[in-house]
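Throughout, read-outs are computed from the coordinates displayed, never taken from laboratory work. Keep in mind that this is a model prediction, so the values were computed, not measured. FYI the Cβ positions are ideal-geometry reconstructions off the backbone, even for glycines, and counts take in every protein chain you see.
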């Protein structure tokens, strides 16, 4: 509680707040960033609050500010374990920095850090922060946070779902989050997505308890998907009883793949770390792999 109070004090002491998150954002990154921004704008209408990044989901507009604005701001970094993944390196210019994250720590990014690797989502932590401070937030902010929460813990089914995850969800519903809307947004799919997910499954190979698919650029571009959209389809390989671990390798550039590794309970983060990636025990990612490294990772998964 002391750390949360310190975060609250820092927010109250700064007139300008800049909010950062990781590259190629998933719903937890976007939900925590935009949810926090909209909540703080409602609580502190006199403050200048900016959400920064070079891309977003669902056409949510990112803000644009100059270096001087960041220098004079409190920077809040969300959902990011290491500096290289932050989607705007200028966060280092800020005179004060806070990090809130649920990844396993890799390096220190701020003087004040609230890190809970056991949490199911960064959105969970943001919701618990407002709940602990007895603050009400607008319905729009609650919706973003709830959508990020249930996206990361897959509707409270991942192994890192804990009692606090449900308390966070209950708080957000009390604040006006629409459960059905969140489920439709995260788990409803278009016909285009359905066809690509079917292609991922059709390309999947099962070997020694591991289910994996290697998808090239043409496969997702033919369906009208971007790389960022295609790489998230790892869930298309989940839920198979015989599978101990599953992986999706998505080509970003010729012979350069990003990997999404998943399991029910086995540690895939250690494998990711050995190839320059990171994440959580049961959900990790790696960037910039060649085909030889892809095969090495598959062998490592088989050995789990």
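Values computed for the structure shown
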{"quantity": "Rg over Rh [alpha-carbon atoms, Kirkwood Rh] for the stretch 157-274", "calculated": "1.02"}
{"quantity": "Order of 24, 227, 130 under a 10 Å beta carbon neighbour criterion, fewest first", "calculated": "227, 24, 130"}
{"quantity": "Additional length obtainable on full extension of the chain from residue 111 to residue 54, 0.36 nm per residue less Cα span", "calculated": "18.0 nm"}
{"quantity": "Fewest-first sequence of 214, 76 by Cβ atoms within 10 Å of each Cβ", "calculated": "214, 76"}
{"quantity": "Modelled FRET efficiency - R0 41 Å, residue 222 with residue 44, Cβ distances, 0.05 increments", "calculated": "0.30"}
{"quantity": "In degrees, nearest ten, helix 2-13 long axis to first principal axis of the chain (Cα)", "calculated": "60"}
{"quantity": "Rounded tilt (10° steps) of 122-132 against the dominant C-alpha axis of the chain", "calculated": "30"}
{"quantity": "Additional length obtainable on full extension of the chain from residue 132 to residue 255, 0.36 nm per residue less Cα span", "calculated": "39.5 nm"}
{"quantity": "Extension gain (nm, one decimal) between residue 173 and residue 9, 0.36 nm per residue minus Cα-Cα", "calculated": "56.4 nm"}
{"quantity": "Exposure proxy ranking, count of Cβ atoms within 10 Å, fewest first, for 222, 60, 124", "calculated": "222, 60, 124"}
{"quantity": "Spread of Cα-to-Cα distances over 10 Å intervals beginning at zero, given as percent, for the chain", "calculated": "6, 28, 35, 22, 8, 1"}
{"quantity": "Volume per residue of the C-alpha convex hull in the stretch 238-304, rounded to whole Å³", "calculated": "73"}
{"quantity": "Share antiparallel - DSSP beta bridges, the stretch 154-304, percent rounded to 5", "calculated": "75"}
{"quantity": "C-alpha long axis of helix 291-302 to longest principal axis of the chain, angle in °", "calculated": "90"}
{"quantity": "Modelled label reach - residue 67, point 7 Å along Cα→Cβ, the stretch 13-57 residues with backbone N closer than 19 Å", "calculated": "18-19, 52-54"}
{"quantity": "Estimated [θ] at 222 nm from DSSP helical runs (n ≥ 4, -39500 (n - 2.57)) normalised by residues in the chain, nearest 500", "calculated": "-11500 deg cm²/dmol"}
